[in-house]
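What follows is a short report on a single structure.
The values are calculated or read from the model by the stated rules, or taken from the named source; none is laboratory data. Not measured: the values here are computed from a predicted model. Every residue, glycine among them, receives a Cβ derived from its backbone with ideal geometry; neighbour counts consider all protein chains shown. Only protein heavy atoms, including side chains, enter the accessible area calculation; ligands, DNA and RNA are left aside. Shrake-Rupley method; radii C 1.70, N 1.55, O 1.52, S 1.80 Å.
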Amino acid sequence: MARIKDIALQNVPVILLVVVFLAFAIVDPRFLSGDTITLILRQSAYVGILAVGMTLVLMTAGIDLAVGSLLYLTAVVVGQIVHTVAMPIFVVPLLAIGIGAVFGAFNGFAVSVLKIIPFIVTLAMLTAFRGLGYGVSDSREVNYPDAVTALGAQNVLGIPLPIVIFALVVLLAHATVTRTPFGRQLLATGEDKAAAARAGVRVGRVQFFVYTISGALVGLASFVAVIQQFSGTVTPAAGKGIEFDAIAAAVLGGTSLFGGRGSVFPGTVVGTLLIQLVNTGLGFVRVDLYLTQMVQAGIILLAVFIDSVRTGRLEKLRRTVITSGRADSSDSDSSPDSGSGPGLAVHIPAPSR
């Protein structure tokens with residue numbers, strides 16, 4: 001029974017995704033149509049890209065509250081440049097990525113070099129970036145050329161471009177976390193910065209680069225939002241509150257708010273789809289807008305609760321493994337056939353993350 005509970009706890013996002021999808025499908029059979037599923041995937045794209053960057057930051061026990069404001073600022077700056085300088089269409093997303101990376105690097109510098117708490121840095125930038133965006137745009141709407149917004153309707157091998165971009169981001173981030181030394185350093189930094197530093201991890205550099213990467217992904221998300229969600233028009237309210245969806249998606253997917261644990265795929269992807277599924281489903285059943293916001297707040301609370309329960313279970317498992325290991329060691333030392341002296345070091349494997 002305990003094993004079943006652990007499996008269920010580790011797969012709560014997938015279970016919730018299936019349950020919520022079936023519930024909305026029962027209420028409104030139109031929810032099962034291919035067009036609805038494609039719509040959910042398309043609208044998940046830019047939030048999902050933000051959530052991937054947030055996942056990487058959370059892995060280091062950091063947080064980035066400024067992603068919504070930076071998304072708005074980047075969209076405004078790129079929009080102004082596009083109207084001023086003639087450039088090929090493919091340069092527009094690259095420009096957005098570059099601008100986002102520059103502002104993300106500023107956050108990384110404040111966290112890694114100035115040693116300011118990430119919460120304080122990004123909370124301040126939440127206001128500063130939006131204020132800068134208001135200044136650049138004079139608090140007016142910024143419109144993109146039709147040639148740019150038309151990209152939102154483009155397909156690649158029959159798949160909408162925003163979904164393709166999101167899939168590529170997930171693929172690259174998942175490979176980075178699971179297949180590269182940098183991915184292991186992210187988790188080690190979040191687990192214990194002091195221990196990671198003693199093991200040779202350059203913690204400051206890891207923090208700097210993770211916020212820079214997050215900023216670059218915010219820039220890419222701003223481009224996807226412009227061609228998909230904003231329909232080419234960036235209003236002063238663009239991106240407000242989206243940081244909470246990104247955090248909720250990451251945490252619902254299994255990334256710990258305390259660092260050291262996380263999953264881009266399937267974790268963050270499932271969390272993102274779950275949030276968008278709820279938003280779309282509530283629209284289908286014509287739930288009041290204010291109630292929708294309350295449900296979104298409930299999702300965030302649920303994400304934090306699940307993370308807390310996961311963390312508690314993990315610590316309990318760790319204590320059980322350590323206690324069992326000590327008992328085995330004691331039995332081995334007392335056994336006449338063991339051949340082990342009292343000075344033998346016993347390796348106790350840490351529970352899988």
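Quick notes on this structure:
- Mean separation of Cα contacts under 8 Å, 6 or more apart, over the residue count of region 1-110: relative contact order %: 14
- Remark: relative contact order (region 35-191) = 39 percent; criterion is Cα-Cα distance under 8 angstrom and separation of 6 or more residues.
- The slack in the chain from residue 195 to residue 22, taken as 0.36 nm per residue of separation less the alpha-carbon distance, amounts to 57.8 nm.
- Calculated on the alpha-carbon coordinates, the convex hull of region 148-259 measures out at 121 cubic angstrom per residue.
- Shape call, region 141-184: gyration tensor on alpha carbons, a/c limit 1.5: oblate
- Using θ = phi - 60° and Karplus 6.51 cos²θ - 1.76 cosθ + 1.60, couplings along region 218-229 (whole Hz; Gly, Pro as x): 4, x, 5, 5, 5, 5, 5, 5, 5, 7, 10, 7
- Beyond 20 Å, the tail of the calculated P(r) for region 77-169 holds 54 percent of the Cα pairs.
- Assigned charges on the beta-carbon of Lys, Arg, Asp, Glu; region 74-222 dipole about Cα centre (debye): 620
- From phi via Karplus (6.51, -1.76, 1.60), per-residue ³J(HN,Hα) for region 77-91 in Hz, x at Gly/Pro: 5, 5, x, 5, 5, 4, 6, 9, 10, 6, 8, x, 4, 5, 6
- About the centre of its Cα atoms, region 167-227 shows a dipole size close to 220 debye [charges on the beta carbon of Lys, Arg (+1) and Asp, Glu (-1) only; nearest 20 debye].
- Under-5 Å amide H pairs with residue 261, H placed in peptide plane, nonlocal only: 256
- With the whole protein complex present, residue 316 retains an accessible surface near 110 Å², based on a 1.4 Å probe.
- Residue-span extension gain [residue 316 to residue 136] - 0.36 nm each, minus C-alpha spacing: 59.6 nm
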